[in-house]
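Let me begin by presenting the structure, written as structure tokens, before commenting on it.
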Amino acid sequence: MNSLRDPLSRRTFVSGAAQAFLSVSALNTLSGRALAAPGKDASLAKQVATARNVIYLYMTGGMSHLDTFDPKDNGDVMGLTTAIGTNVDGIRISSYLPLMARQMDKVSVIRSMQSTQGAHEQGQYFQRTSYTLRSSIRHPSMGAWLQKFQDKGNPTLPGSVMIGNDSRHPGAGFFESRFAPLMITDPEGGINNVKTNPWFSEDRFASRLATARKLDTAFANKYDIKNVRAYADMYDDAVKMMKSEELTAFDLEKEPEELRNKYGRDNLGQGCLLARRLVEHGVRHVEVTFGNWDTHNANFTRVPELCDELDVALSTLLQDMSSRGMLNDTLVVLATEFGRTPEINQNDGRDHHPKAFTCLMAGGGVKGGYVYGASDERGFAVADKAVNVPDLNASIAYALGIPLDTVLYSPSKRPFTVADKGKPVLDLFA
């Protein structure tokens, strides 16, 4: 019996072939399809986009709001952390962020974030998707939603890129695998396996690709559904990228050494520089992860070290993009899954705290030098203008012009929108 006639074996072969030939992993299953339909009571009006691109800086582990962008006068909760003034009257931030203190005129600070999720995996998933983690479904991240509704920006490069080591990223969720981000672990390493060995000629490559397509034909004709067709798209996109002159976007050697040093010669700094280059070349959604901010122990030793890298990278990114005019159409977001407790534990650390934390937004039509909402005098709870996680994602989607009330259906025919029931915080926009 020919094992390739069996659907499960065929699926395994196709996935393996894609990885062997093109070093691309298929992230989605073959079953199901996503269907668009207007939601109940949906508005026909579509918001006008204020941004075209997003650079999303994700602080893994739960960044302490008290020790970064929401310091308090209460010495009992601040420990060794002190506050400093900034270039905006009335806005103070941690003394661990002296470079960012000079850039706050470009930033909106949301000091009233709250989440329903107090564990890392669940909190990170919620922050990236607006939905709680379930074993039965994988929800799309913002980069996938952006590609689903709008163009890629550069036809030969990925629509979204994730820079960092995060195997649990939700990626394309239940959308087709072509909407998943390209994963890059090392921002200085470029993309692996895009150059062939000298013996692997163009003719040999074309021959193997033709063989793969020939083997695909019967299966694709029998199962002519969206997620099967996505495999053919995956091959085509991979080949386009391999042959594209735009791959220079991933080469940080093209940048002046002085600027590379200014960003910081660490993964966050070089990741931010790579993000700027990718956006310049048409990649519309770039995420850079950085951490670990899970400071249960030695908070006042670890946080200053983390802040030093963040301060250098973020302040340089905002300066660099502003000087190039890129903040006009690029939204920069700094997010984390939750904050840290005002109480300092016996290990000189702070524990998980989803009741109040801070996120930042800059560029892309967002106000600069602005603070939205507030936590109480201890940083324990939201005191004014609460913003939940879906609201933050709705604000990002609003800036990008993604329709907030258009429903897409999962393979199980369940309805979903880009930010669930979240409402955009319109006061953030100029």
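Every number here is computed from the coordinates shown, using simple stated rules; none is lab data. Keep in mind the model is a prediction, meaning the values are calculated, not measured. Using ideal geometry, Cβ is built from the backbone for each residue, glycine included, and neighbour counts are taken over all protein chains shown.
With a 10 Å radius around each residue's Cβ, average the other Cβ atoms per peptide and rank 99-111, 73-85, 417-429, highest first.
Sorting 99-111, 73-85, 417-429 by mean packing, highest first, produces 99-111, 417-429, 73-85.
Arrange 128, 378 by Cβ neighbour counts within 10 Å, fewest through most, would you?
378, 128
How much FRET efficiency would the formula 1/(1 + (r/R0)^6) give for residue 121 and residue 76, where r is the Cβ-Cβ distance and R0 is 25 Å, rounded to 0.05?
Given R0 = 25 Å and the Cβ-Cβ separation, E is 0.20.
Distance in nm between label sites at residue 298 and residue 95, each 7 Å beyond Cα in the beta-carbon direction?
Spacing of the two 7 Å Cα→Cβ label points: 2.1 nm.
Students often get this wrong, so check it: of 106/421; 106/367; 106/423; 385/423, which have C-alpha atoms separated by over 18 Å?
106/421; 106/423, as the Cα separations exceed 18 Å there.
What residues from the range 329-360 fall in the zone where the backbone N is under 20 Å from a label point 7 Å along the Cα-to-C-beta line of residue 87?
329-334, 360
Residues of the range 253-271 with the amide nitrogen closer than 11 Å to a label point 7 Å from the Cα of residue 309, along Cα-to-Cβ, please.
Of the residues in the range 253-271, 265-271 have backbone N under 11 Å from the label point off residue 309.
Could I have the simple spin-label model distance between residue 213 and residue 186, label points 7 Å from Cα toward Cβ, reported in nm to one decimal?
Roughly 3.4 nm, to one decimal.
Find how much the distance from residue 348 to residue 329 grows on full extension, using 0.36 nm per residue of separation minus their present alpha carbon separation; answer in nm with one decimal. Please list the in-between numbers first.
Details: separation 19, 0.36 × 19 = 6.84 nm, distance 4.20 nm.
In short, 2.6 nm is gained.
Net charge near residue 297, counting Lys/Arg +1 and Asp/Glu -1 over other residues with Cβ under 10 Å of its Cβ?
After counting each charged neighbour, the total is 0.
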